[in-house]
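Asker: If you scroll down you'll find the structure; I have some questions about it.
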Amino acid sequence: MFFPMAADLLVIIHLGFIIFVITGGFLVLKWPRMMYLHIPAAAWGALIEFQGWICPLTPLEQHLRQAGGQRVYSGGFVEHYMEPIVYPAGLTREMQILFGLVVIAVNLTAYGWLLIRHKRNKGAGQTDI
């Protein structure tokens, strides 16, 4: 009972991390110091996609499922959980690169917005970073 529950909890944490990687730049607009957590997370998320690696959380989840007597899937987290929701066909290398580019584009937008706001505040004698 413990291992399947731990695997399910890890899936929730993994999904939360992915959401943070993609959208965390917008949290930085509200809490600028969050960038010290977000930039490394976003870099890691984009690197995983660009290199075609499997996140280390995936083998850990699979180990927990196996220890709990559940069936273990092949491939990565995105392929197993996200692809069936978003993509009806198989995950391709090009799609992984596109995911990495989306992470970078979304976050460049957020950080560009933060930089513009910082420059405006600096001119007014305030700072938010």
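The values are calculated or read from the model by the stated rules, or taken from the named source; none is laboratory data. Since the structure is predicted, the reported quantities are computational estimates derived from the model, not experimental observations. Glycine gets a Cβ as well: all are built from the backbone with ideal geometry, and neighbour counts include every protein chain shown.
Asker: Restricting attention to the range 33-55, does a residue exist that is surrounded by 13 or more Cβ atoms within 10 Å (Cβ to Cβ), assigned to a loop (DSSP other than H, G, I, E, B) and either touching an Asp or Glu at 6+ places or on another chain (Cβ under 9 Å) or not aromatic (Phe, Trp, Tyr) (or both)?
Answerer: There is at least one residue in the range 33-55 that is surrounded by 13 or more Cβ atoms within 10 Å (Cβ to Cβ), assigned to a loop (DSSP other than H, G, I, E, B) and either touching an Asp or Glu at 6+ places or on another chain (Cβ under 9 Å) or not aromatic (Phe, Trp, Tyr) (or both).
Asker: Got at least one residue in the range 38-53 being at pLDDT below 90, aliphatic (A, V, I, L, M) and within 21 Å of Leu9 (Cα to Cα)?
Answerer: no
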